[in-house]
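Inspection log for the structure reproduced underneath, given as structure tokens.
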Amino acid sequence: MPSTPLPGRLLGHLSLMMLTFVSLFPIYWMVVTSFRPENEIYATTLLPQHPSLEHYLFAWSSIPLGQMLLNTTLMATLVTVGQLLISLLAGYSLARWEYPGNRLLFFLFLGTWLIPFQVTMVPNYILLSRLNWLNTLPGLVVPQLATAFGIILMRQHLKAFPRELFDAATIDGAGSWRTLWQVAVPNLRAPLAALAILYFINGWNEYFWPLLVTRRPENSVVQVGLQMFLTQEGSQWGALMAAATLASLPIFVLYLILQRQVIEAFLRSGIK
């Protein structure tokens, strides 16, 4: 294949550099602003003239930020594990066996993807109220456990899985459960890692549902806590940027650990 001309490569690299700058500069500005003292909040310098931790101390003491971070971590982790397990089991069933209603069940899962959250919000809230799950961790987690995207992605990966490996496991005496965990799962590390990151980020950034089902700050999540720094009397930008920086750190660490698996999974599944 002929190589790309030099001007085309330069243009491509320049475009990527510009996109990288546009993506990273707001994060950089958030971190820098969190270290500016109150009298420098609106300064336009690239670095704070007198770096200070006052906003971090204020954010930590003015709201139960530590408890909110713990609640968010627990909610995001439980939602991620639950969604991964349900997606894997449902995708395995839909991909491996042909049974009456298989395709209908798949299209029903697919149809739930088209239903906006606002449609199911009120019925879920009423159900949680009757179960006395408002202001509780199960109330935050359980309504988010099933997701059509993960089921579809797992089904597609397992559909492409070599049938010969399943047949060989059956001949060796392995049952369906053992085949799933000892044959399929070890070969699905990349898509599972990608789903884990997507699920965790989605759970970590969840705002509206925790706002709806929690009433006390100590039972809520960090995304609701960030909104507390935006009031009618004025916005506390320094504290907001400090709290947002702390809230972003777990996502950055998770992505740095699993980024290779995410890229590999998207390439294998054809997602561009």
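The values are calculated or read from the model by the stated rules, or taken from the named source; none is laboratory data. Just so we're clear, the structure is a prediction, and the values are computed from it rather than from any experiment. Here the Cβ positions follow ideal geometry from the backbone for every residue, glycine too, while neighbour counts run over all protein chains shown. What goes into the accessible areas is simple: the full protein's heavy atoms, side chains included, and nothing from ligands, DNA or RNA. Shrake-Rupley method; radii C 1.70, N 1.55, O 1.52, S 1.80 Å.
The table that follows gives values for the structure above.
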{"read-out": "Å³ per residue enclosed by the Cα convex hull of the chain", "value": "196 Å³"}
{"read-out": "Pairwise Cα inverse-distance average, inverted: Kirkwood Rh of segment 114-272 (Å)", "value": "18.9 Å"}
{"read-out": "Leading residue at positive end of dipole, the chain (Cβ point charges), from W177, A242, V142", "value": "W177"}
{"read-out": "Of V141, V221, V253, the one that fluctuates the most in a GNM where the chain has Cα springs shorter than 10 Å", "value": "V253"}
{"read-out": "Most fluctuating residue given options G12, G101, G139, as computed from a GNM of the chain linking Cα atoms under 10 Å", "value": "G12"}
{"read-out": "Segment 246-258 - phi-based ³J(HN,Hα) in whole Hz, Karplus 6.51/-1.76/1.60, Gly and Pro as x", "value": "5, 6, 8, 4, x, 5, 4, 5, 4, 5, 4, 6, 10"}
{"read-out": "In sequence order, calculated HN-Hα J values of segment 106-119 (Karplus, 6.51, -1.76, 1.60; Hz; x Gly/Pro)", "value": "4, 5, 5, 4, 4, x, 5, 5, 8, 8, x, 4, 4, 6"}
{"read-out": "Relative counts (whole %) of C-alpha pair distances in segment 1-132, using bins that are 5 Å wide", "value": "2, 7, 7, 8, 10, 10, 10, 11, 13, 11, 6, 3, 2, 0"}
{"read-out": "Stretch in the chain that is longest and holds no chymotrypsin sites (Phe, Trp or Tyr not before Pro) that DSSP places in a loop and that have at most 14 other beta carbons within 10 Å", "value": "114-206"}
{"read-out": "Relative contact order, percent, the chain [alpha-carbon distance under 8 Å, six or more residues apart]", "value": "31 percent"}
{"read-out": "For the chain, size of Cβ-based charge dipole, Lys and Arg +1, Asp and Glu -1, in debye", "value": "720 debye"}
{"read-out": "Candidates per GluC sites (Glu not before Pro) in segment 1-108, loop by DSSP, up to 15 other Cβ within 10 Å", "value": "E98"}
{"read-out": "From phi via Karplus (6.51, -1.76, 1.60), per-residue ³J(HN,Hα) for segment 191-197 in Hz, x at Gly/Pro", "value": "x, 5, 5, 4, 5, 4, 5"}
{"read-out": "Surface share of carbon and sulfur [accessible, 1.4 angstrom probe, percent] for the chain", "value": "69 percent"}
{"read-out": "Alpha-carbon Rg with Dmax, taken over segment 141-203, Å", "value": "13.8, 41"}
{"read-out": "Solvent-accessible heavy-atom area per residue, rounded to whole Å², over segment 74-154 at 1.4 Å", "value": "55 Å²"}
